[in-house]
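Comments concern the structure below.
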Amino acid sequence: MNPFEDECMDANTPFKKRSPSHRINYRTKTAKGWMLAACAGLLLSACGDSKEETHADIPDANNILFSGGTIISMANKDRIETVEAVWVSDGVIKMAGKLDTIKKAMSAPATSDEKNASEAAAPDVVPDALPDDTAVIDLKGRTLMPGFIEPHGHIVLTTQLSQIADLAPCLPEKFEHREAIGQQKAHVGDIPCPVYIDHALDLLLADEHRYKGTWRVGFGIDPSRMNTNKTQPPSDIFYFTNSPANYIDNYLADKTHHAHDIETPVMMLDQSLHLAYVNRAAIRETLGRNVCESAEKCPGISEKKITSSRYQPADPSARYDYSCSSENICNYTGKLTEPGSYDAFFTTIMKQLDDGQIFLNESPEQFVAEAKSQVKALSDAGLTTFVNGGALSYDEVRYLKALVNEQTNDMRYISLMAWNASDSVGGAPMSSKEIQSTMSDIWQEGNGFLGVQGIKLWADGSTQGCSAWLTTAYAQNGNCSYAGAGHPNYANGEIIAEHLRPYFEAGNYINIHTNGDAASQASVNAFYELSEDCAKDANKNAKSACQKVHTLIHFTVDNQDADAVNAVKRLREKLDVTASHTIGHVAYWGAAFQGILDGDKPSFVKNVAYVNDPHGRAAMIDPIAAEQSANIPFSLHSDMPVTPARPLWLIEQALARQTWIYPNLASKDAQPMPGNQQVQAGNQAKMADKKRMATYQALRAVTIEPARQHQLADKLGSIVVGKRADFVLLEKNPLDVAHDAISGIKVVTTFVDGQPVTPFDQDQ
């Protein structure tokens with residue numbers, strides 16, 4: 001049974017299976033004072049003759065009135081609009097405006113003309129009491145605005161990775177959060193998170209409850225920001241990146257007092273998720289002992305042979321990295337490039353699990369159990385809608401369906417499908433028709449809580465992972481000097497268009513992963529190819545892809561001439577193409593990008609003034625100001641688990657554009673990112689309002705703009721009559737807070753369909 005279908009439920013029906021329209025009725029009738037507690041101190045009272053202290057006796061609350069604070073509607077692009085009050089009826093915004101006007105309208109006789117009834121039949125005098133079926137939420141001076149939308153993250157992948165050791169380097173002090181949300185972590189002395197490669201390996205070996213059989217598996221290691229250890233020179237990081245298998249085995253040999261040796265298979269996923277690092281034991285266990293005759297000969301063959309299909313992954317975009325001697329004897333280095341190279345290792349790990357261990361969520365029930373804490377963290381961060389940015393298999397959708405079935409309507413989900421997705425993990429790719437058959441509209445088939453809509457394609461890899469596809473090669477004296485111009489997944493835009501054409505012609509919107517500027521240009525060319533017939537779409541068919549919003553995901557690297565931005569600007573004359581940024585690239589990788597893109601290495605310099613070159617490519621990372629000048633809409637995303645899904649953090653990072661030089665992560669160590677690409681106020685802003693308007697534009701990037709990008713703007717993203725009542729309540733108004741303090745604003749609660757969200761019971 002669909003949990004949202006039954007409209008005939010009594011108070012004995014379990015809450016998780018009640019329709020949204022029943023939620024406030026059930027809660028106020030069965031739990032005295034429950035709503036007051038859930039809203040963290042908000043004043044909730046029934047109107048009419050009921051008294052505040054008798055919450056259990058509140059009559060059915062078909063109407064909810066929000067007032068008593070600042071309500072930012074996000075309804076206007078160039079002007080900040082606030083309203084005094086919002087009237088919600090059956091989960092939908094019925095009116096937003098002046099409090100007295102709304103009170104009059106709520107007391108007016110019902111008419112058949114829903115849209116105009118409010119003002120037409122309203123009494124002349126503001127009533128002393130509202131109808132008995134009304135609940136009033138006093139905001140107590142706080143700020144209410146549309147619920148935040150995560151336009152690109154990976155919730156299924158995040159739950160999978162929570163089952164292995166967390167090796168992600170520490171975030172800057174003001175953003176470090178892992179202890180705060182209750183993640184179980186191993187500790188090494190007083191280090192809650194690693195800042196060096198050796199720290200990460202220490203954590204990997206210490207985190208015994210996440211062992212996978214004999215394997216030691218972790219996620220998050222990041223050589224672009226981490227040196228090997230505190231005592232070694234900065235150049236030692238090249239030892240790890242060029243030969244991770246040797247580095248890991250030497251580390252294990254030095255740790256024999258922990259009973260670990262070089263026969264322990266190790267696999268560590270890079271935080272970019274486009275690279276992984278394994279040791280010799282892992283290679284032998286996975287690729288076969290006949291391939292690796294010894295630690296010195298693995299496999300010990302010519303370059304022609306090691307590049308053949310027998311010795312490389314089946315996925316042509318993936319690679320087992322290797323190095324060759326002057327005698328043309330080649331061996332694996334232990335670096336795995338692109339996810340297709342992980343499959344064989346994952347299969348081996350799953351075959352060797354101990355009883356009771358899980359890896360990669362073997363069932364929807366396991367996923368739901370792991371995901372509950374993730375959903376709570378997302379709600380606590382102010383999110384009401386989450387976009388799963390590209391399901392590689394339909395299993396991800398099955399997991400999300402199980403989650404929606406289980407949860408109490410706390411979060412809406414959209415999942416895009418990869419253009420070459422399989423039906424199940426490890427299965428063969430489905431045909432475009434089969435993938436098309438998985439599509440479902442969130443409102444028509446998904447009861448407002450799960451939609452499968454949109455197609456995702458990856459055009460290149462990761463900037464910090466040395467696999468972004470660039471027009472100019474990586475810096476020769478940076479960490480990615482070996483990578484040339486990076487790693488295109490497809491040779492040109494024509495091939496990208498060929499893969500996407502069946503979906504575009506079927507009316508799907510498209511998201512293309514582009515980190516490098518060459519990947520962005522190839523994707524622009526693909527959109528030109530796809531939109532050739534859009535001029536013939538004279539009837540403006542809303543279901544046509546020509547009338548939908550398409551997005552370049554990440555859109556990270558550009559040059560000083562803003563060539564990538566200008567290419568999108570020209571394309572937008574034919575097709576509505578927008579940008580979405582992992583703005584954490586600035587805060588967490590800004591200094592590293594100066595090294596890998598421009599040749600400066602501030603992350604390796606001690607006691608030297610910060611290198612602040614406004615003319616390099618790093619200055620144009622996430623070129624938001626250039627996009628604003630070109631009238632290109634943009635959103636901000638986390639790419640969770642690559643960075644935390646905290647919208648207020650993203651807003652601050654886009655406005656302040658501060659970065660940190662690892663391992664110096666104190667707030668006082670923040671440095672300005674070169675260039676001037678922070679969010680701008682816009683041409684309409686008056687001088688006195690520039691700071692507030694810049695913040696407002698950043699707020700749009702986590703509300704109405706992601707709603708547009710995922711074809712949700714008719715229902716979500718702003719506080720407008722007829723839209724769903726999804727809100728976030730903030731302790732302070734972001735418009736009145738300094739840009740570098742926005743991340744510290746407390747999220748009080750979120751509302752979905754006008755109802756305060758209840759976190760999962762994690763002890764259930």
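So in region 146-164, with the set limited to residues that are in contact with a helix residue (DSSP H, G or I) (Cβ under 7 Å, 6 or more places away or on another chain) and among the aliphatic types (A, V, I, L, M), which one is surrounded by the fewest Cβ atoms within 10 Å (Cβ to Cβ)?
Result: I164.
Taking A497 and the conditions (1) farther than 30 Å from T384 by Cβ; (2) assigned to a loop (DSSP other than H, G, I, E, B), which numbered condition does it fall short on, given that it satisfies the others?
Checking A497 against (1) farther than 30 Å from T384 by Cβ; (2) assigned to a loop (DSSP other than H, G, I, E, B), the one that fails is (2).
Taking the criterion of being in a strand (DSSP E or B), open to solvent by 50 Å² or more (accessible area, probe 1.4 Å) and polar (S, T, N, Q), would at least one residue in region 323-343 satisfy it?
Yes, region 323-343 contains a residue that is in a strand (DSSP E or B), open to solvent by 50 Å² or more (accessible area, probe 1.4 Å) and polar (S, T, N, Q).
With the condition kept exactly as written, say whether any residue in region 542-559 is at pLDDT below 95, open to solvent by 80 Å² or more (accessible area, probe 1.4 Å), more than 19 Å from Q709 (Cβ to Cβ) and assigned by the TED database to the domain that holds Q628.
No, the conditions are met nowhere in region 542-559.
Name, by its number, the condition in (1) open to solvent by 10 Å² or more (accessible area, probe 1.4 Å); (2) among the aliphatic types (A, V, I, L, M); (3) in contact (Cβ under 8 Å) with a residue 60 or more places away in the chain that does not hold for A519.
The failed condition is (1).
Could you count how many residues in region 78-112 are open to solvent by 70 Å² or more (accessible area, probe 1.4 Å) and modelled with pLDDT under 80? Talk me through it step by step, then tell me what you get.
Here is the first cut: in region 78-112, the ones open to solvent by 70 Å² or more (accessible area, probe 1.4 Å) are 78-79, 82, 84, 90, 98, 100, 109-110, 112.
Next, from what is left, pick out any that are modelled with pLDDT under 80: 109-110, 112.
Final tally of qualifying residues: 3.
Looking only at region 216-234, filter to residues that are hydroxyl-bearing (S, T, Y) and in contact with a helix residue (DSSP H, G or I) (Cβ under 8 Å, 6 or more places away or on another chain); which one of those is nearest to C193 (Cα to Cα)?
Within region 216-234, the first condition is being hydroxyl-bearing (S, T, Y), and the residues that meet it are 224, 228, 231.
If we keep only those that are in contact with a helix residue (DSSP H, G or I) (Cβ under 8 Å, 6 or more places away or on another chain) as well, we get 224, 228.
On the way: S224: 16, T228: 15 Å.
Filtering region 216-234 for residues that are hydroxyl-bearing (S, T, Y) and in contact with a helix residue (DSSP H, G or I) (Cβ under 8 Å, 6 or more places away or on another chain), the one nearest to C193 (Cα to Cα) comes out as T228.
Residues of region 640-679 being surrounded by fewer than 20 Cβ atoms within 10 Å (Cβ to Cβ) and either over 24 Å from G595 (Cα atoms) or in contact with a Ser or Thr (Cβ under 6 Å, 6 or more places away or on another chain) (or both), which ones?
Residue satisfying the conditions is Q671 alone.
Which of the residues that make up region 714-747 are hydrophobic (A, V, I, L, M, F, W, C) and under 19 Å from R412 (Cα atoms)? Let's see the steps before the verdict.
Going through region 714-747, the residues hydrophobic (A, V, I, L, M, F, W, C) turn out to be 716, 719-721, 725, 727-730, 735, 737-738, 741-742, 745, 747.
Selection gives L716, I719, V720, A725, F727, V728, L729, V747.
Read through the list (1) in contact (Cβ under 8 Å) with a residue 24 or more places away in the chain; (2) within 28 Å of the chain's Cα centre (by Cα), then give the number of the only condition that A282 fails.
Unmet condition: (2).
Quick check on this structure: which one of N409, N420 is farther than 24 Å from Q755 by Cα, touching a residue at least 40 places away in the same chain (Cβ under 8 Å) and among the polar types (S, T, N, Q)?
Details: N409 fails: farther than 24 Å from Q755 by Cα.
Testing whether each residue is farther than 24 Å from Q755 by Cα, touching a residue at least 40 places away in the same chain (Cβ under 8 Å) and among the polar types (S, T, N, Q) leaves just N420.
Residue by residue through region 488-516, note down the ones that are without any contact (Cβ under 8 Å) to a residue 60 or more places away in the chain, open to solvent by less than 30 Å² (accessible area, probe 1.4 Å) and touching a Leu at 6+ places or on another chain (Cβ under 7 Å).
Result: I496, A497, F504, I510, I512, T514, G516.
Considering (1) in contact with a helix residue (DSSP H, G or I) (Cβ under 7 Å, 6 or more places away or on another chain); (2) surrounded by fewer than 19 Cβ atoms within 10 Å (Cβ to Cβ); (3) at pLDDT 90 or above; (4) not in a loop (DSSP other than H, G, I, E, B), say which one E119 fails and leave the rest.
Among (1) in contact with a helix residue (DSSP H, G or I) (Cβ under 7 Å, 6 or more places away or on another chain); (2) surrounded by fewer than 19 Cβ atoms within 10 Å (Cβ to Cβ); (3) at pLDDT 90 or above; (4) not in a loop (DSSP other than H, G, I, E, B), the lone unmet condition for E119 is (3).
Which one is farthest from G744 (Cα to Cα) among residues in region 627-639 that are surrounded by 24 or more Cβ atoms within 10 Å (Cβ to Cβ) and in contact with a helix residue (DSSP H, G or I) (Cβ under 7 Å, 6 or more places away or on another chain)?
The qualifying residue farthest from G744 (Cα to Cα) is E627.
Which residue out of L729, L735 is at pLDDT 90 or above, crowded, with 20+ Cβ neighbours inside 10 Å and outside any strand (DSSP E or B)? Before the answer, list the steps.
Numbers: L729 fails: outside any strand (DSSP E or B).
Only one candidate qualifies: L735.
Determine the pairs where a residue that is in contact (Cβ under 8 Å) with a residue 60 or more places away in the chain and small (G, A, S), located within region 689-700, has a partner that is crowded, with 23+ Cβ neighbours inside 10 Å and part of a helix (DSSP H, G or I) with Cβ atoms under 6 Å apart, the partner being 6 or more residues away or on another chain.
Listed pairs, sorted by first residue: A698/I651; A698/A654; A698/L655.
Kindly evaluate L353 against the criterion of being among the aliphatic types (A, V, I, L, M), within 30 Å of I248 (Cβ to Cβ), assigned to a loop (DSSP other than H, G, I, E, B) and over 23 Å from the mean Cα position of the chain (by Cα). First the steps, then the outcome.
Values: among the aliphatic types (A, V, I, L, M): yes; within 30 Å of I248 (Cβ to Cβ): yes; assigned to a loop (DSSP other than H, G, I, E, B): yes; over 23 Å from the mean Cα position of the chain (by Cα): yes.
Against the criterion (among the aliphatic types (A, V, I, L, M), within 30 Å of I248 (Cβ to Cβ), assigned to a loop (DSSP other than H, G, I, E, B) and over 23 Å from the mean Cα position of the chain (by Cα)), L353 qualifies.
On the given criteria, is N477 surrounded by fewer than 22 Cβ atoms within 10 Å (Cβ to Cβ) and under 30 Å from G599 (Cβ atoms)?
Numbers: surrounded by fewer than 22 Cβ atoms within 10 Å (Cβ to Cβ): yes; under 30 Å from G599 (Cβ atoms): yes.
Taking the combined requirement at face value, the residue satisfies it.
Which of the strands (runs of 3 or more DSSP E) contained wholly in region 205-321 include at least 2 residues that are at pLDDT below 90 and either small (G, A, S) or under 23 Å from P641 (Cβ atoms) (or both)?
Values: elements: 216-221, 266-270, 275-278, 299-301.
It comes to none.
Which residues, taken from region 522-566, are over 13 Å from P623 (Cα atoms) and among the small types (G, A, S)?
Result: A522, S523, A526, S531, A535, A538, A542, S544, A545.
The values are calculated or read from the model by the stated rules, or taken from the named source; none is laboratory data. Since we're looking at a predicted model, the values are computed, not measured. Don't worry about glycine lacking a Cβ; one is built from the backbone with ideal geometry, like all the others, and counts go over all protein chains shown. Calculation scope for accessible area: heavy atoms of the full protein, side chains included, ligands and nucleic acids excluded. Shrake-Rupley method; radii C 1.70, N 1.55, O 1.52, S 1.80 Å.
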